[in-house]
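Enquirer: Quick one: the structure is below, questions incoming.
The values are calculated or read from the model by the stated rules, or taken from the named source; none is laboratory data. Computed from a predicted model, the values in this text were never measured in an experiment. Methodologically, a virtual Cβ is constructed for each residue, glycine included, from the backbone with ideal geometry; neighbour enumeration extends over all protein chains shown. Ligands, DNA and RNA are excluded from the accessible area calculation, which covers all protein heavy atoms including side chains. Shrake-Rupley method; radii C 1.70, N 1.55, O 1.52, S 1.80 Å.
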Amino acid sequence: MPWIYELYPSDEKERYFHIFYNDRKKSSEHEAIEAKIDRMAECLHKHEGTKYEIKGGGFARYFDLIYYNKGKKDEKFMYGRELHDVINEEIRLCGYFVIITSVKKGQKFALHYDFGDDWMFTITVSKISEVQENFKPRIIKSKGNIQQYPDWDEEDFDDE
């Protein structure tokens, strides 16, 4: 049974939030998160004891970045401590996804995929019909490419 909420504060339409869960999705997302954390930890380990400026990659989301003399001339990165509560919460949400609808032909709705990375997709209802027992959903049209967890490399850091 879906929950009925507004999608944003000034939303005046009745929106239905359908929450789903899939074991295979959970397994693949869990593996991807673990691999991402491992790659990030390895990258941080390479820079222990050096002075660098992190430019991105979400490291501060998953790691408490520990520095020696932070903000001073002799500042150095010491190590990154995993934020287990954050990582465990992201893993706990693996396998879940939400479809938001206010179903009418031509209606557009958002698909919020991967709670950790907050991917949002727009889906347009092209046809409403009774679902056959063996029906398999399919994508009619798509735009762009998705790379879920890009590799981090040395370009993410600016060593001095």
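Enquirer: Compute the length gained on full extension between Leu83 and Arg39: take 0.36 nm times their separation in residues and subtract their Cα-Cα distance, giving the result in nm to one decimal.
Expert: 14.3 nm
Enquirer: What does the charge add up to near Gly80, with Lys and Arg as +1, Asp and Glu as -1, over the other residues with Cβ less than 10 Å from its Cβ?
Expert: Taking every Cβ under 10 Å from that of Gly80, the sum is -2.
Enquirer: Next question. Using modelled amide H (1.01 Å from N, peptide plane; none on Pro or chain starts), what sits under 5 Å from the amide H of Met78, excluding residues fewer than 5 places away?
Expert: Gly49, Ile66, Tyr67, Tyr68
Enquirer: Please list the non-local residues whose amide H lies under 5 Å from the amide H of Trp119, H modeled 1.01 Å from N, same-chain partners needing a gap of 5 or more.
Expert: Tyr113
Enquirer: For Ser10 and Lys127, FRET efficiency with R0 = 22 Å and r from the beta-carbon atoms, rounded to 0.05?
Expert: Efficiency, from the Cβ-Cβ distance: 0.15.
Enquirer: From largest accessible area down, sort Ile4, Ile91; use a 1.4 Å probe on the protein chains.
Expert: From most exposed to least exposed: Ile4, Ile91.
Enquirer: At a probe radius of 1.4 Å, what is the per-residue accessible area of Arg39, in Å² to the nearest 10?
Expert: Near enough 70 Å² of accessible area.
Enquirer: Could you name the lysines whose alpha carbon sits less than 27 Å from that of Lys46, not counting residues in the same chain fewer than 8 places away?
Expert: Here the lysines satisfying the reach criterion relative to Lys46 are Lys36, Lys55, Lys70, Lys72, Lys73, Lys76.
Enquirer: Return the long-range amide H neighbours of Arg15 (sequence gap of 5 or more, or a different chain), with a cut-off of under 5 Å between placed amide H atoms.
Expert: Amide H neighbours of Arg15: Tyr5.
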